[in-house]
Every structure is written in C-alpha cells, then in structure tokens.
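Student: Could you have a look at this structure, given as structure tokens, before my questions?
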Amino acid sequence: MPRILITGAAGFLGSHLCDKFIAQGYRVIGMDNLLTGKLRNIAHLFPLSEFEFYHHDVTKFVHVPGKLDYILHFASPASPIDYLKMPIQTMKVGSLGTHNLLGLALAKKARILVASTSEIYGDPTIHPQTEEYWGNVNPIGPRGVYDEAKRFLEAMTMAYHNFHGLQTRIVRIFNTYGPRMRLNDGRALPTFFRQAIKGEPITVFGDGTQTRSFCYVSDLVEGIYRLLLSDYHLPVNIGNPEEIPILQLAHEVVDFTGTASKIIYEPLPTDDPKQRQPDITKAQTLLNWAPTVSRQEGMQKTYNYFKAIMANAENESEWL
C-alpha cells in the first residue's frame, strides 16, 4: 500500500486530498500546524487505520519515520485576508517549508508535488494564462508575500529536479471552491454566501468587472491526482476556464440564497488582478483532464455546506 504525506492536511484543499488518496488505497499521513486549517475538516479520518496526523509546522525540520512514496506540499495560508495578516509565516512556508519537504523527498526517494498558484501570474498582461507566461507581479506589494513565496517554491522545486534528479510535479491552482472553505477567509464566494445567508450587504470590490474562473474542488483534486501520477515535471494549470465577472457571481449568490441583501461597492484592493482564466491545454493533453462539475451544481453543494455549518454552530466562532 503506497504511503503519502500531505501537508496542509486540515485545510480546504488538503482535507479533500486526504479523502481522495485514502479512497484510492493509500496510507495517508496528514501534517498541519493548524494556523489556518481546522481539525473538523479531517475529524472523520481519525478513526481510520490508513490515516495518521502530525501536528507540525513544516518550516521546522520535518521527520516522518518509515517509507514514503509520495509527498503533496499544500501547507500555506492561501487567501488575501490570511497572508496579509501573516506575511512572514506565508513567506516561510513557501521557502523554508518547501526546502524541508524537498529534502525529505530526496532522503525518502519519494516523488513530490508542490502546490503553486495562478497568483504567480500577478495582474496578467496575456489572457488566458498559459504555463509559459512569466507573470506580472509586484514583489513588494501587499500580495507579493504570497506571489513571491510561490514563485520561489517553483524555482526551488525545479532546482531539486535539475540538480538532484528528484521526481517533482508542480500544479498551478486557479480559484477553487467547495465545502470546507472558511466563511471568513476573505475570498469572494464564501464571503458572498456568508453575507447573503446573514442578510448583510454583499460587498463587491471595484466595479465588479474583474473576472475569475471558479473550479469545483472535486475537479481540482482529480487533476492533482492525475498530475502526481504523470511523467510531466513542468508546471501545469489546473482550473476551470469558464470565466465570469465578480459582479455576476454576486448576483448568482443572491439568486441562490433568495436574500434581500443589496450589493454594495468598495475600493479595489492593491494589485488585485483584473482577469484570471487558465489555459488548460496541457492538462487536457497530458492528463486527459478537464473540469466536469458545472458552476450551478458546485455552488449548490457549497451553499448547502455553508447553510449547514452556520445553522448548526452554537456561535459564529465555530464556522469562521
């Protein structure tokens, strides 16, 4: 039975990856320092003999006894509200954490897949974004702590591949949504749903014409699974190329929830990208992958989850 280490295991994406690999017959070691992750996301896994959990910060030396076949490095604050509040931790997990896990992969002769992001493209000057595009990033702006941490992660991973011959994979993740997102993580979809369910005004930044492309979490996880088991070591975009303006998303949330919430406008944050859409040609040709979950279906599942979390919590701190 193959054995895999998943960092950031208690987070939104990490917890779904734990589910996926256990379902595929792997032994999973989840690792998380719980800075932004929540144990409730993986509580259902604790009774399983195929799962073990290490409460550990990957910016410190990482040791895992026994054999390891694969490593997925998904530890990092991943939303603006988090990395603006924790800029140094964000930089450290992308740099020191990545270095530690690449070293562990080398010692264990394991294949490692690292989680990069569409944010390495910055505010793009080409559209849609291909893997060959080098990006337009402000390294000293407020978002630079996340963008540059991920750019360093990619560079360090390629260095280990080229210098040590390590088996590496790099996924560039575009906007993803689904159950287990935190309602206060600052990203558009959970924020809109939270505001709508509570009957508060829905806040759109700028004029709402900036675009995003939203991928449902199960599609993303399937793409990551296929990439890990592929023979391709260069970055691959995984995301849904169906691009929509943020204002349209806000109206869809209003329709979903039947809320009386009004849409209000606030200034656009510094360096906020105007457009975001993945070119997924590589994923389609190399991995035979494309998203299959419609936005209507994905938003319904996400809305049901948020409604349940908010209804069953005794106080707001339980669902934030």
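Student: Give all pairs with beta carbons closer than 6 Å in which a residue from the range 59-71 that is on the phi < 0 side of the Ramachandran plot and surrounded by fewer than 18 Cβ atoms within 10 Å (Cβ to Cβ) meets a residue that is among the hydrophobic types (A, V, I, L, M, F, W, C) and assigned to a loop (DSSP other than H, G, I, E, B); count only pairs at least 6 apart in sequence or on separate chains.
Tutor: Once the first residue is on the phi < 0 side of the Ramachandran plot and surrounded by fewer than 18 Cβ atoms within 10 Å (Cβ to Cβ) and sits in the range 59-71, its partners that are among the hydrophobic types (A, V, I, L, M, F, W, C) and assigned to a loop (DSSP other than H, G, I, E, B) give 69/110.
Student: Follow-up. If we scan the range 133-141, do we find a residue that is of a type in the set (Phe, Trp, Tyr), surrounded by fewer than 17 Cβ atoms within 10 Å (Cβ to Cβ) and either touching an Asp or Glu at 6+ places or on another chain (Cβ under 6 Å) or over 26 Å from residue 217 (Cβ atoms) (or both)?
Tutor: yes
Student: Follow-up. Can you pull out the residues in the range 253-268 that are part of a strand (DSSP E or B), aliphatic (A, V, I, L, M) and farther than 19 Å from residue 299 by Cβ? So that I can check it myself, show each step before the final result.
Tutor: Residues of the range 253-268 part of a strand (DSSP E or B): 263-266.
Among the residues that remain, those that are also aliphatic (A, V, I, L, M) are: 263-264.
264, the sole residue that qualifies.
Student: Also, I was wondering about something else. Taking the conditions exactly as written (over 23 Å from residue 109 (Cβ atoms) and either surrounded by 21 or more Cβ atoms within 10 Å (Cβ to Cβ) or among the β-branched types (Val, Ile, Thr) (or both)), does residue 76 satisfy them or not?
Tutor: Numbers: over 23 Å from residue 109 (Cβ atoms): yes; either surrounded by 21 or more Cβ atoms within 10 Å (Cβ to Cβ) or among the β-branched types (Val, Ile, Thr) (or both): yes.
Yes: the conditions hold for residue 76.
Student: Right, here's the next one. Could you please find all residues in the range 27-46 being basic (Lys, Arg) and part of a loop (DSSP other than H, G, I, E, B)? Don't jump to the end; show me each part of the working.
Tutor: Filtering the range 27-46 down to residues basic (Lys, Arg) leaves 27, 38, 40.
Matches in the range 27-46: 38 only.
Student: Another one. Under the condition of being in contact (Cβ under 8 Å) with a residue 24 or more places away in the chain and farther than 28 Å from residue 88 by Cα, which residue from the range 33-58 is surrounded by the fewest Cβ atoms within 10 Å (Cβ to Cβ)?
Tutor: Applying the filter and picking the extreme gives 48.
Student: Might you let me know whether the range 225-236 holds any residue that is under 19 Å from the mean Cα position of the chain (by Cα) and among the hydroxyl-bearing types (Ser, Thr, Tyr)?
Tutor: Yes, that holds for at least one residue.
Student: Could you please tell me which pairs satisfy a Cβ distance under 6 Å, a separation of 6+ or placement on different chains, a first residue in the range 149-165 that is of a type in the set (Gly, Ala, Ser), and a second residue that is assigned to a helix (DSSP H, G or I)?
Tutor: Short answer, once both residue conditions are applied: 149/90; 149/91; 149/94.
Student: Looking only at the range 210-251, which residues are aliphatic (A, V, I, L, M), within 30 Å of residue 110 (Cα to Cα) and part of a helix (DSSP H, G or I)? Quick ask: steps written out before the conclusion?
Tutor: Of all residues in the range 210-251, those aliphatic (A, V, I, L, M) come to 217, 220-221, 224, 227-229, 234, 236, 238, 244, 246-247, 249-250.
Applying the additional criterion that residues be within 30 Å of residue 110 (Cα to Cα) yields 217, 220-221, 224, 227-229, 234, 236, 238.
The answer is 217, 220, 221, 224, 227, 228.
Student: Which of the helices (runs of 4 or more DSSP H) contained wholly in the range 53-163 include at least 2 residues that are under 26 Å from residue 233 (Cβ atoms), within 19 Å of the chain's Cα centre (by Cα) and not basic (Lys, Arg)?
Tutor: Numbers: elements: 80-85, 87-92, 98-108.
Result: 87-92, 98-108.
Student: Right, residue 229: at pLDDT 95 or above, surrounded by 21 or more Cβ atoms within 10 Å (Cβ to Cβ) and of a type outside the set (Asp, Glu) or not?
Tutor: Details: at pLDDT 95 or above: yes; surrounded by 21 or more Cβ atoms within 10 Å (Cβ to Cβ): no; of a type outside the set (Asp, Glu): yes.
Taking the combined requirement at face value, the residue does not satisfy it.
This table checks each residue for (1) among the aromatic types (Phe, Trp, Tyr); (2) touching a His at 6+ places or on another chain (Cβ under 9 Å); (3) surrounded by 13 or more Cβ atoms within 10 Å (Cβ to Cβ); (4) modelled with pLDDT of 95 or more.
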position: 253; (1), (2), (3), (4): no, no, yes, no
position: 261; (1), (2), (3), (4): no, no, yes, no
position: 267; (1), (2), (3), (4): no, no, no, no
position: 270; (1), (2), (3), (4): no, no, no, no
position: 277; (1), (2), (3), (4): no, yes, yes, no
position: 281; (1), (2), (3), (4): no, no, yes, yes
position: 289; (1), (2), (3), (4): yes, no, yes, yes
position: 306; (1), (2), (3), (4): yes, no, yes, no
position: 311; (1), (2), (3), (4): no, no, no, no
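Student: Out of 154, 148, which single residue is out of contact with any strand residue (DSSP E or B) (no Cβ under 7 Å at 6 or more places or on another chain), crowded, with 18+ Cβ neighbours inside 10 Å and more than 30 Å from residue 40 (Cα to Cα)?
Tutor: Details: 154 fails: out of contact with any strand residue (DSSP E or B) (no Cβ under 7 Å at 6 or more places or on another chain).
None of the others qualify; the one that does is 148.
Student: Hey, another quick one. If you check residue 282 against the conditions, is it part of a helix (DSSP H, G or I) and within 18 Å of residue 197 (Cα to Cα)?
Tutor: On the way: part of a helix (DSSP H, G or I): yes; within 18 Å of residue 197 (Cα to Cα): no.
So residue 282 does not fit the description; no.
The values are calculated or read from the model by the stated rules, or taken from the named source; none is laboratory data. Small disclaimer: the values here were computed from a predicted structure and weren't measured. All Cβ positions, even for glycine, are placed from backbone atoms using ideal geometry, and neighbour counts span all protein chains on display.
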